[in-house]
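See below for the structure under consideration.
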């Protein structure tokens, strides 16, 4: 059976080199070689092909920024919709965290900056914005399972077996949910650690066991914590931080 050839941009993304979009840009610039030959856009190659990058691509990759934002309620994670503002509009110099200013914000830091995952408009807390396709893939890629931690304030009378079912036993949209870490912190607050991100997942999980979410805050993505970052402020990912 003949070996299936794979688009070079997909091959690079699968290997964690960069995102497909970045790969296409680097191929167009002539910065990618496959088995010693300059690659062309749309080219396919064997899964074990040798891929070499021009130093210009490697330098550009190192200059990509990732930003941690404490998103307030009322802001959408991605593009503006229904009259609401996008969280990216909060990435301005006046809102940079004075406790860890990092480099000054430049216009090029906003080019291609996208949210790596969503945080509902009526939720607040840690939202990651990045130019780096590798970071986005780490957080939301299909082949990665990254923990996300939430503090959830609830109202209502929970079912007798609510905690057991929240931890494992619920389904959404016809699919069984992955096991989750769930614990009571006090009489009206739960701590959730999820390894998936279905739309409005925590709110729907709570509804299934007789609880109503009245407040939801994300405090961690992978190994990166929100910490003391003030609501509405942002900072660059620190050099010693990794997801």
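When Rg and Dmax are taken over the Cα atoms of the stretch 6-61, they come to 9.6, 26 Å. Cα centroids of the stretch 100-157 and the stretch 174-196: 19 Å apart. Among 207, 157, 149, sorting on how many other beta-carbon atoms sit within 10 Å of each Cβ, with the fewest leading, yields 157, 207, 149. When you restrict to C-alpha pairs under 8 Å that are six or more residues apart and normalise by the size of the chain, the relative contact order lands at 22 percent. With a simple spin-label model that places each label point 7 Å from the Cα along the Cα-to-Cβ direction, the separation between residue 168 and residue 4 comes to 3.1 nm. Taking N as the residue count of the stretch 148-221, its C-alpha radius of gyration divided by 2.2 N^0.38 Å amounts to 0.98. When its C-alpha radius of gyration is set against 2.2 N^0.38 Å (N residues), the chain gives a value of 1.17.
Every read-out reported here was derived from the displayed coordinates using simple, explicitly stated rules and does not represent laboratory data. What you are looking at is a predicted structure, and each value in this text was computed from that prediction instead of being measured. Cβ atoms come from the backbone with ideal geometry, glycine included; neighbour counts cover every protein chain shown.
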